[in-house]
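Engineer: Have a look at the structure that comes next, please.
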Amino acid sequence: MKKTKESEIQSSIIDYLQILENRGKIFFQRVNNTPVYDPIGKKFRSMAKGTKKGFPDILVIADGRTIGLEVKTATGKQSKDQKDIENKFKQHGQEYFVVRSLEEVICILSK
């Protein structure tokens, strides 16, 4: 059986969120928190100033809710930085979920 890649899960979630956003139901942003390759300097540049290591992959705003979605495969685990960011979300009364499928996201947003 073929293992589903994290990027495939994330793509299906983003497609779904885009439909909801087009209908005015939510607002979302895919967070790009990976270093960028600089072809001139031939090295990876660090993340942009103000970017937090471990920030969730997707940020959703819906019906007064702020929701961080960290996308993982069935066996994927959070890094220490991701766990720290999850705690910060929750300390500030916001929602944070590790999601492994589009179905989980549909369930979270239907609450």
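Engineer: Among the candidates Glu104, Glu86, single out the residue that is in contact with a strand residue (DSSP E or B) (Cβ under 9 Å, 6 or more places away or on another chain), among the acidic types (Asp, Glu) and within 22 Å of Asn22 (Cβ to Cβ). Full working, then the answer.
Structural biologist: Working: Glu86 fails: within 22 Å of Asn22 (Cβ to Cβ).
Just one listed residue meets the conditions, Glu104.
Engineer: Filter segment 53-101 down to residues that are of a type in the set (D, E, K, R), within 18 Å of Glu6 (Cα to Cα) and part of a strand (DSSP E or B), then give me how many there are.
Structural biologist: 1
Engineer: Another question, then. Could you tell me whether segment 83-91 includes any residue that is surrounded by 13 or more Cβ atoms within 10 Å (Cβ to Cβ) and within 11 Å of the chain's Cα centre (by Cα)?
Structural biologist: Applying the first criterion (surrounded by 13 or more Cβ atoms within 10 Å (Cβ to Cβ)) to segment 83-91 yields 83-86, 88-89.
Remaining after also requiring within 11 Å of the chain's Cα centre (by Cα): none.
Scanning segment 83-91, I find no residue that is surrounded by 13 or more Cβ atoms within 10 Å (Cβ to Cβ) and within 11 Å of the chain's Cα centre (by Cα), so the answer is no.
Engineer: Something else now. Might you check whether a residue that is assigned to a strand (DSSP E or B) and either among the charged types (D, E, K, R) or modelled with pLDDT of 95 or more (or both) occurs anywhere in segment 9-17? Lay out the reasoning, then the answer.
Structural biologist: Restricting attention to segment 9-17, the residues satisfying the condition of being assigned to a strand (DSSP E or B) are none.
The answer is no; no qualifying residue exists.
Engineer: Look at segment 18-46 and say how many of its residues are of a type outside the set (Val, Ile, Thr), assigned to a loop (DSSP other than H, G, I, E, B), touching a strand residue (DSSP E or B) at 6+ places or on another chain (Cβ under 8 Å) and modelled with pLDDT under 95.
Structural biologist: We begin by selecting, within segment 18-46, every residue of a type outside the set (Val, Ile, Thr); these are 18, 20-25, 27-30, 32-33, 35, 37-39, 41-46.
Within this subset, residues satisfying the condition of being assigned to a loop (DSSP other than H, G, I, E, B) are 23-25, 32-33, 35, 39, 41-42, 46.
Right, trim to touching a strand residue (DSSP E or B) at 6+ places or on another chain (Cβ under 8 Å) and you get 25, 35.
In the following step, the residues that additionally are modelled with pLDDT under 95 were identified as 35.
The total comes to 1.
The values are calculated or read from the model by the stated rules, or taken from the named source; none is laboratory data. Keep in mind it's a predicted model, so treat the numbers as computed, not measured. Virtual Cβ from ideal backbone geometry, glycine too; neighbours counted across all protein chains shown.
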